[in-house]
Every structure is written in C-alpha cells, then in structure tokens.
Amino acid sequence: MEQRKRLLILGSTGSIGKQALDIVGEGEEFELVGLSAERSWQALIEQASIRGVERVALVDLDAASRAAESWTSGEVLAGPEGLVRLVLESGADLVLNALVGSAGLGPTVTALGEGIDLALANKESLVVGGELVCRLAEATGAAILPVDSEHAALHQLLSGQGAGCVQRLTITASGGPFRGLRREQLDQVSVEQALAHPTWSMGGKITIDSATLMNKGLEVIEAHHLFGVPYERIDVLVHPQSLIHGLIQLADGAMLAHIGPPDMRVAISYALHGAESVQLPIEPIDLARVGALTFEPADEDAFPCLRLAREAAVAGGTAPCVLNAANEVAVHAFLAGRLPFNGIARVIEETLQAIEPEPLRAFEVLYEADRRARELAFSAVSALA
Ligand code: NAD
Ligand code: MG
C-alpha cells in the first residue's frame, strides 16, 4: 500500500478546518499529524481524541494550559511559538493553513521554508507577503495549493493551458448581502445583516469581507501572486448565483469557466487531492433548475474596499500589508459594534494615506508595517466611534 500523506491542519476548529476534517474523514489517504486552534481548546481536544491525533497547538496560553491539564493522551504546544514548532516538528508532507488573518503568515513561512507543500486557505498570507512568500516557495520547491473557490477554479482551468495562451483571469463575487444598495443606504446596516451571506456559509471575518467586497480585493492580490498575472489582467465580475467561480480568457477569444456548487469542500478537496477528483457527498448542480446565470460589474462607489485593495496592490511593497492590517482592525471593530459599516473603508483609507509604502526587503519589514498600521487603524476607529 502507498504510504499515507502526513497532513497537518492549522485552524481545525474554524469553518475551513472543520470542512477539511470532514473530507479527510477516515480516509486511507491521509494521516493526521497535528491540529491547532487559537483558544477553543475543548473543541480542539475533542477533534484530536476522535481522530487519534497526538499533538495540538493552542495560541492562547491560558487555553493551552487548560487543555494540557485535561488531555493526557497527547502533547499540547502553546503560543505562536508552539504553532511554529507544530509545523517544524510534525514531519508533515502537507500543511493546510486555515487560520484567519495575518497571524497565518508565520506558519506559512515556516512550512514553505521547510519545503513542505502548503494548502493555503489563509489568503492574508499572500496579501501581506506575497512577493516574499512566493520567492521562498520557489527557493525550497514547496508547492502552494490554493484553498479559495475562485483560485482553485483558476488553478484547475489553467492546468490545461499552454504558456502564453491565457490573456485574462476573472474571479467572481456573489456581491454579498448588500448587492444593489447605494453607499448612503449602507450607513445603517447591522452586524446581523452583514453576517447573513446569501450563498456561502463561512467564518465571521471573511463574511464581513464579502459584504464590503474587501474579500474580492484580497483575492485579486492572491491571484496575482499565485498565478503571476499582472493586476491589469485580473477582473472581478459579480455573479449572484455563485456557481461560476473563475474564468480564463484565451488568445482566440474563447473563455473557459469553472462551474461548481457553492461548497468549500470542493476547493479543499482539490487542494488536498490534486487533479484526482474524488467522490464528495455533494449534490451536483441541476443547471436546468437554476435556469439563468447572471453577471454584473462590481459597484466600487458603494463598495470602496475593492478600489482600495487594487490601489494598495499596485502601490506594492508594504501597502497590501497595511491594507490588510487596517481591514482586520476595522472588521473586528465593526463586529464588536464599535464602527459603522461604512467606517470600515474609511479606516482603511486613512491608514493607507498615513503610511508611505516601503519596499519589501525582508519579513521583518512586514511585521513592523503590520504593527504600525494596527496602531493607526485603532486610532482611526476611536475617532469615528
Ligand atoms: P474561522 O474564523 O472560521 O476559523 C479560523 C481558525 O483559525 C480557527 O480554528 C481559529 O481558532 C484559528 N485562529 C483564529 N485566529 C488565530 C490566531 N490569531 N492565531 C492562530 N489561530 C487562529 O475562519 P474561516 O472562515 O475558516 O477562514 C480561514 C481562512 O480561510 C481565512 O483566511 C479565510 O479568508 C479563508 N477562506 C475561508 C472560506 C470559508 O468558506 N470559510 C472560503 C475561502 C477562504
Ligand atoms: Mg473566495
């Protein structure tokens, strides 16, 4: 029998992490060598016990010590250093990074630096440090396999094409819960309304990013780094049915589209299994019942986050890192009821204006830019509150 792949899942208690565990199931193909969470230690220990996993990491120190007290059949690593040790010492062949936010950058760098293939849901890693992250992967020969529906779709579409045939990439957006509203109508929307995504069920942060369209801005940057395509050749198209996830335009004018159910298990499975499509318990799409697929341009007046992301992307250097950090602070404040919905874009814009982008010489530059951007974004939130 072929040896099982040693798989490490970071962020296993989150939306992507749980769906990944579902897919891996009792499969013969993977051996789970570790799991991690930020602080939800009971859920993490339960996952580890059910699956016979012997090492876990919890970033929150208090949660880690509680877990260590109550779980005696395995080892609990603690803090951000514990997370890095989990990656370094688990002997994984494949790491799934399903953390949320720029906290995912450290584990991404560690895995790629060790030459370990990376299934990457944590798009913030690429937004913040895409240039350096991709250079590192190239140097060690580790693969970056996208776990984002649009990028998994593009990856699959592009794998059949010769070099130079593809002229443009398109990623689609559902438009989120506020599609069709004008900017002034968004002043009063509630957290609950923003969390009610029409087509996808996801973690809180990405659900708000989808409502502001920042998620699509982050994904344009993600696509640029993953596929090496310049920004002016990456398009965003609003497609409310969320059935087409990505399109490529070829030199002869033909377009190829990837159609799939709005279910992240498809993208996760593609990243974990590669081209060998495996059976998933998902209802196939009945296109006759769907009837119509519709498309429209994104409204950048109502949703300025998309424009801000593109501007930061083109400015380059530390600008996408600043954009991301300010967005994380603003989304957190919105979810906590401390910032109105339209305040999210304002906080990001003010933070970007206050920090001159710097070239990316080393990862340290990013950690410093992230720290400064958070500080300024916090003040911007307080000023707007
Ligand atoms: P989530 O909030 O549901 O889960 C996040 C996981 O990371 C949890 O296990 C949590 O304990 C852990 N975590 C959170 N903060 C941490 C920190 N500071 N340090 C260490 N661990 C931490 O998030 P999610 O929706 O599963 O999203 C994960 C990533 O996947 C995000 O980058 C998101 O953009 C991307 N993504 C998600 C979906 C989706 O359907 N949920 C789709 C596409 C891409
Ligand atoms: Mg996506």
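Per DSSP helix of 4 or more residues, -39500 (n - 2.57); summed, then divided by the residues of the chain. What does that give at 222 nm, rounded to the nearest 500? Don't jump to the answer; show the numbers that get you there.
Working: 16 runs with 186 residues, N = 385.
Taking each H run of at least 4 residues, the total per residue is -15000 deg cm²/dmol.
What number in nm² do you get for the stretch 240-384 if you take the convex hull of its Cα atoms and divide its surface by four?
Values: hull surface 52.4 nm².
Average projection, Cα convex hull of the stretch 240-384: 13.1 nm².
If I stretch the segment between E75 and E192 completely, what's the gain in nm (0.36 nm per residue apart, minus their alpha carbon distance), one decimal? Could the numbers behind the result be given before it?
Numbers: separation 117, 0.36 × 117 = 42.12 nm, distance 3.83 nm.
Computed gain between E75 and E192 is 38.3 nm.
What relative contact order, as a whole-number percentage, does the stretch 250-360 give when Cα pairs under 8 Å and 6 or more residues apart are counted?
On the way: 65 pairs, mean separation 22.9, N = 111.
Once divided by the residue count of the stretch 250-360, the mean separation gives 21 percent.
Would you look at the GNM of the chain, springs on alpha carbons closer than 10 Å, and say which of G79, G291, G129 moves the most?
Comparing G79, G291, G129 in a Gaussian network model of the chain, the most mobile one is G291.
Which residue, I259, I285, I23, has the most motion in a Gaussian network model of the chain that connects Cα atoms within less than 10 Å?
I285
Mind pulling up the Rg/Rh value for the chain? Radius of gyration and Kirkwood radius, both on Cα. Please report the intermediate quantities before stating the final value.
Working: Rg = 20.3 Å, Rh = 21.3 Å.
Ratio of gyration radius to Kirkwood radius for the chain: 0.95.
Between E300 and Q3, with labels modelled 7 Å along Cα→Cβ, what's the label distance in nm to one decimal, could you check?
That separation, rounded to one decimal, is 5.0 nm.
Could you let me know the centre-to-centre spacing of the stretch 239-316 and the stretch 26-62, using Cα atoms, in angstrom?
Centre-to-centre distance over Cα atoms comes out at 31 Å.
State the extension gain, in nm to one decimal, for the chain segment bounded by C165 and R183, taking 0.36 nm per residue of separation less the distance between their alpha-carbons.
Numbers: separation 18, 0.36 × 18 = 6.48 nm, distance 3.91 nm.
Computed gain between C165 and R183 is 2.6 nm.
On full extension of the chain, what length is gained from A383 through H273, given 0.36 nm per residue of separation minus the C-alpha to C-alpha distance? Intermediate values should be presented prior to the final figure.
Working: separation 110, 0.36 × 110 = 39.60 nm, distance 4.80 nm.
Fully extending the segment from A383 to H273 adds 34.8 nm.
Given the C-alpha centroids of the stretch 350-385 and the stretch 185-235, what is the distance between them in whole angstrom?
If we compute the Cα centre of each part, the gap is 20 Å.
Using only alpha carbons, build the gyration tensor for the stretch 316-385 and give me the equivalent ellipsoid semi-axes, biggest first, whole Å.
Values: eigenvalues 101, 21, 16 Å².
Those come to 22, 10, 9 Å.
Only Cα pairs under 8 Å and at least 6 apart count here; give the relative contact order of the stretch 5-147 as a rounded whole percent.
Numbers: 286 pairs, mean separation 30.0, N = 143.
Contact order relative to length: 21 percent.
For a Förster distance of 25 Å, can you work out the FRET efficiency between the beta-carbons of A336 and A362, rounded to the nearest 0.05? Present the calculation step by step, with values, prior to reporting the outcome.
Numbers: r = 33 Å, r/R0 = 1.34.
Efficiency computed from Cβ-Cβ geometry: 0.15.
For the stretch 178-321, go through all pairs of different Cα atoms, get the mean of 1/r, take its inverse, and jot down that Kirkwood value in Å.
Working: mean 1/r = 0.0581 Å⁻¹.
Value: 17.2 Å, from the Cα pair sum.
Test of understanding: ordering D235, D117 by Cβ neighbours within 10 Å, fewest first, what list do you get? Each step should come with its number before you reach the end.
On the way: D235 15, D117 20.
Ranking D235, D117 by Cβ neighbours within 10 Å, fewest first, gives D235, D117.
Taking the chain as a Gaussian network, where each spring joins two C-alpha atoms under 10 Å apart, which residue of E46, E124, E283 fluctuates the most?
Maximum among the listed residues: E283.
Values quoted throughout were computed directly from the atomic coordinates according to the rules given, and no laboratory measurement underlies them. All values reported here derive from a predicted model rather than from experimental measurement. No Cβ is skipped: glycine too gets one built from the backbone with ideal geometry, and neighbour counts run over all protein chains shown.
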